[in-house]
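Student: Take a look at the following structure, please.
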Amino acid sequence: MALIFKGWDFCFVGSNGSCQATQRSLRGHRALGLGGDLPSLGGAQMMLAEGDSLPLGLAAGAALLLAAAAVFSATSKPREDGAKEEELPPWANMVQVTQDVLSGKPFDTVLLNMRQRHGDAFRIYVPSLFGEVIVLMGLQANQFVFTEQDKNLDQALGGVVGTAVSGKKTMGTKERKSTESGKIFDKASADFFANKKALARATQIFVDSAEDFCDQMEQELKPEENVFEKLWTYVVQTNADMLYGNGENAGSIVCNTIDSINKEGLFSSQVRQAGEDLRKVLNERYEDRKNNPEKYVGEDSLFEEFFLLSKGEADDEMLQGLQQFMLTLQLAANGNQLVTIRWLMSHVYGDPKILEGVRAEVAELLQRKACGIRDLKLADLLSLNLTNACITEAVRLHSDIPSKLTLRSAEIPMEFGGYKIPKGATIFLYADAVHKDEKYFPDAAAFCPHRYTDEEVFTQKARDREVVTFGHGRKRCTGELHARSQISALLASFVMRFDMDLVTNEEGNQIPEDHDGPFVFDTANSLKLVNLRPRAGDMSSSVASVSVAAAALASRSQSGPSSSGSCPFSGIFGKS
């Protein structure tokens, strides 16, 4: 057996040459950069032969080589930024980091162990992509990145994802701003997401598609089938309709891309092929818009915004940039939405009290407006206080960006915690260090939407950067309203129509803690919703419980989490 570090993947290779099960437990650690070509080894793969077991000695050996690579890369030549080593954050102990990874410790644990050893600022080495990376954690780090230095920090993640899906270097945010095509991409995105008409159209897509999907599930889904196996393609296709207009082909390609990432990793030939397929579709669609403009009159899509701004004169380079920009945008959106929806629905259906509460407020809204789900507008969906609190809590506990991975590039020299951060440095903020901290979120591992139902308390937590579920500042998620509209519409449709049973790998079907790292798009994972069936009870009984629920919710919101360790929100709705 041999241990191979290749790209961002880890695997044990047996005699038949196939990667074995360690991929699953280690996949979340790819974002740490503990793989890839090692510059001090001349770009060669690292293979360490061993017997059938992996003792700590082998892990230590691997770690020493990784640490040597990092030190070599950092000290073999003078720093171009002129910074002195003693002024910079310390290097992480890569021996211990690699031992943590190889012993199967969760992504969160690995990072928090690093924080315990080195404090809120330290450096790691990410081969091939960034080189030296400064890792920041804690409340001061959140405030530093999202508030104090927001205007001086550029996005660094988009270029990485774009490069992975295209196989070619992709412009980062700052580079885009310096080119005419980049300015068009950014303006098209800003105009689309800020366009009230486009948002209204997107909301109509979401409520209609949610009901259509539920119709399909009612007719086609077998009792033993997992809803999540079908749900992820629905989410991708719905987003494609919103971004591309008629998104049938584009949606299918993005589905293939996500499936390839799950199976082969972000930097695989399958992912690049999917990116190439999307480029062809977008080129064909662009030409069709030029030749048949009447077909697209009145369409509110990001693609149409780009077409109008480019005046139908985009060249091959600009169209390639569009392909990278659109796929990066959709992968980021789908990544967070797929993860959030999967966990959100599991938490809601896993707690009968929360499920009844969500049903109660949706039922009250529909009764008050004397309408159905398809008639709901954005303001209606945003008025669902408990539903949106559940979304926020699911994002806090489970989202990839910004919680697990916020990447920035320093545009000016700066300081944090007494350390220098040179101009051009790559910064990795791990916001979950605060999201999972008992000091700011008592009973932090619990799903407790009551944390956000008091608007004043929620506003304060957001202002202090304790909760950064959708980011802050100039780089705040521009698609937050779209995401809330889509997810709340989907949840409303499901809870009003179906009962389902949650099945997990945990004893008593308890919901496991989420320790996966970023870019894990596996929407099924260990969570399953099965036995989909028409819901028991009627709307009138749900509506009758709203006033009782509201009063109980208000009192719990004021008192905060209990000291017993259980989520104080559970038990508010219905009989205990």
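Student: Going by what's in this entry, would residue 236 be described as modelled with pLDDT of 80 or more, of a type in the set (A, V, I, L, M), within 23 Å of the chain's Cα centre (by Cα) and in a helix (DSSP H, G or I)?
Tutor: Yes, satisfied.
Student: So which pairs qualify, if the first residue must be in segment 218-239 and farther than 25 Å from residue 199 by Cα, the second must be at pLDDT 95 or above and not hydrophobic (A, V, I, L, M, F, W, C), the Cβ gap must be under 6 Å, and the two must be at least 6 apart or on different chains?
Tutor: 223/531
Student: Which of the following residues is loosely packed, with under 14 Cβ neighbours inside 10 Å, modelled with pLDDT under 75, part of a helix (DSSP H, G or I) and in the same structural domain as residue 326 (by TED's automatic domain parsing): 280, 263, 197, 187? Walk me through it before giving the result.
Tutor: On the way: 280 fails: modelled with pLDDT under 75; 197 fails: modelled with pLDDT under 75; 187 fails: modelled with pLDDT under 75.
Testing whether each residue is loosely packed, with under 14 Cβ neighbours inside 10 Å, modelled with pLDDT under 75, part of a helix (DSSP H, G or I) and in the same structural domain as residue 326 (by TED's automatic domain parsing) leaves just 263.
Student: To continue, here is another question. What number of residues in segment 304-324 are farther than 13 Å from residue 276 by Cα and either touching a Ser or Thr at 6+ places or on another chain (Cβ under 9 Å) or of a type outside the set (D, E, K, R) (or both)?
Tutor: Looking only at that region, the number is 11.
Student: Going through segment 365-388 one residue at a time, which ones are farther than 22 Å from residue 348 by Cα and among the acidic types (Asp, Glu)?
Tutor: 375 - this is the single residue of segment 365-388 that is farther than 22 Å from residue 348 by Cα and among the acidic types (Asp, Glu).
Student: Could I ask something else about it? Tell me yes or no: at least one residue of segment 450-467 is closer than 12 Å to residue 138 by Cα and either surrounded by 24 or more Cβ atoms within 10 Å (Cβ to Cβ) or touching a Pro at 6+ places or on another chain (Cβ under 6 Å) (or both).
Tutor: Looking for residues that are closer than 12 Å to residue 138 by Cα and either surrounded by 24 or more Cβ atoms within 10 Å (Cβ to Cβ) or touching a Pro at 6+ places or on another chain (Cβ under 6 Å) (or both), one finds at least one in segment 450-467, hence yes.
Student: Look at residue 386 and say whether it is surrounded by fewer than 22 Cβ atoms within 10 Å (Cβ to Cβ) and in contact (Cβ under 8 Å) with a residue 40 or more places away in the chain.
Tutor: Here the answer is no, as residue 386 does not meet what is asked.
Student: In addition: Among residues belonging to segment 239-260 that are under 25 Å from residue 306 (Cα atoms) and among the acidic types (Asp, Glu), point out the one that is modelled with the lowest pLDDT.
Tutor: For segment 239-260, the residue satisfying everything is 248.
Student: Identify all residues within segment 97-130 that are more than 24 Å from residue 435 (Cβ to Cβ) and of a type outside the set (A, V, I, L, M, F, W, C); write none if there are none.
Tutor: Those that are more than 24 Å from residue 435 (Cβ to Cβ) and of a type outside the set (A, V, I, L, M, F, W, C): 98, 99, 103, 125, 127, 128.
Student: Do we have residue 484 as crowded, with 16+ Cβ neighbours inside 10 Å and at pLDDT 55 or above here? Can you show your working first?
Tutor: Working: crowded, with 16+ Cβ neighbours inside 10 Å: yes; at pLDDT 55 or above: yes.
Judged against the criteria, residue 484 is a match.
The values are calculated or read from the model by the stated rules, or taken from the named source; none is laboratory data. Just so you know, these numbers come straight off a predicted model, no measurement behind them. Neighbour counts run over all protein chains shown; Cβ positions are idealised from the backbone, glycine included.
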